[in-house]
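Taking it in order: structure first as structure tokens, then the write-up.
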Amino acid sequence: MINGNVVLYRRTGGRLANTVKGAPVLLLNHVGRKSGKQRTAPVLYLRNGDEIVIVASRGGSDAMPGWFFNLQANPTTDVQIGTERLRVTARQATPEEKAELWPRLLEMYPDYGVYQSRTARDIPVVILSPA
């Protein structure tokens, strides 16, 4: 199933469907770890120098988003920001990196705090570095 936001983002080069409550959105491509199928997820992001930071929140669900496991299995992928496509390699932030990034992520999108309060799991922060 194709996400309507993904289609809209792609068709408009990111002019539409590019924010959620003011936070920027990218398209994260990933390969299904079991299916091998190419998938795309719209994900909020934060720039941190030449890195891109994303959060595996899934709205505070106790389950991880599928893309998180897919990136663990296949960490090199690409993202689309507007019309730009970037090749990246994903890794989970260390606890120290997350402690540094989390306040900035909350400033960008305060709902992350609400999401963390909804679940007992520690919501992972993922760093996408240029490949």
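The values are calculated or read from the model by the stated rules, or taken from the named source; none is laboratory data. Remember, it's a predicted structure, so these values are computed and weren't measured experimentally. Here Cβ is always computed from backbone atoms with ideal geometry, including for glycine, and neighbour counts include all displayed protein chains. Areas reflect the complete protein model, heavy atoms only, side chains present, ligands, DNA and RNA absent. Shrake-Rupley method; radii C 1.70, N 1.55, O 1.52, S 1.80 Å.
What is region 45-104 by shape, rounded, prolate or oblate, if you read a ≥ b ≥ c off the alpha carbon gyration tensor as root eigenvalues and call it rounded for a/c under 1.5, prolate for a/b larger than b/c, and oblate otherwise? The shape class here is oblate.
In the chain, the portion of solvent-accessible area held by carbon and sulfur atoms comes to 51 percent [1.4 Å probe, whole percent, DNA, RNA and ligands not counted].
Placing unit charges on the Cβ atoms only, positive for Lys and Arg and negative for Asp and Glu, gives the chain a dipole magnitude near 640 debye about its Cα centre.
What the Cβ-Cβ distance of Thr12 and Glu51 gives, at R0 = 22 Å and to the nearest 0.05, is a FRET efficiency of 0.30.
For region 8-131, the solvent-accessible area of protein heavy atoms averages 52 Å² per residue (probe radius 1.4 Å; ligands and nucleic acids excluded).
Counting charges near Phe69 (Lys, Arg +1; Asp, Glu -1) among other residues having Cβ under 10 Å from its Cβ returns a value of +2.
Simple point charges give the picture: +1 on the Cβ of Lys and Arg, -1 on the Cβ of Asp and Glu, and for region 50-114 a dipole about the Cα centre of about 220 debye. Counting charges near Val79 (Lys, Arg +1; Asp, Glu -1) among other residues having Cβ under 11 Å from its Cβ returns a value of 0.
Using a Förster distance of 22 angstrom, determine the FRET efficiency expected from the C-beta separation of Glu97 and Phe69, and round it to 0.05. It comes out at approximately 0.65. Farthest towards the positive end of the charge dipole of the chain, among the residues Ala17, Leu44, Trp102, is the Cα of Ala17, using unit charges on the Cβ of Lys, Arg, Asp and Glu.
What FRET efficiency comes out for the pair Asn3/Asp111, r = Cβ-Cβ distance, R0 = 25 Å, nearest 0.05? Plugging the Cβ-Cβ distance into 1/(1 + (r/R0)^6) gives 0.85.
Look at the dipole of the chain built from charges on Cβ: of Trp67, Tyr115, Val88, the Cα furthest out on the positive end belongs to Trp67. Taking region 67-88 and a reference point 7 angstrom along Cα→Cβ of Thr119, the backbone N atoms nearer than 15 Å belong to 67-72.
For Ala93, the residues whose amide H sits under 5 Å from its own are Val125, Val126, Ile127, ignoring neighbours fewer than 5 places away on the same chain, with H placed 1.01 Å from N. All other residues whose Cβ lies under 15 angstrom from that of Pro130 are scored, Lys and Arg at +1 and Asp and Glu at -1, for a net of 0. Of the trypsin sites (Lys or Arg not before Pro) found in region 1-94, those in coil by DSSP whose Cβ has at most 15 other Cβ atoms within 10 Å are Arg15, Lys21, Arg33, Lys34, Lys37.
Note: relative contact order over region 61-100, using C-alpha pairs below 8 Å and six or more positions apart, is 30 percent.
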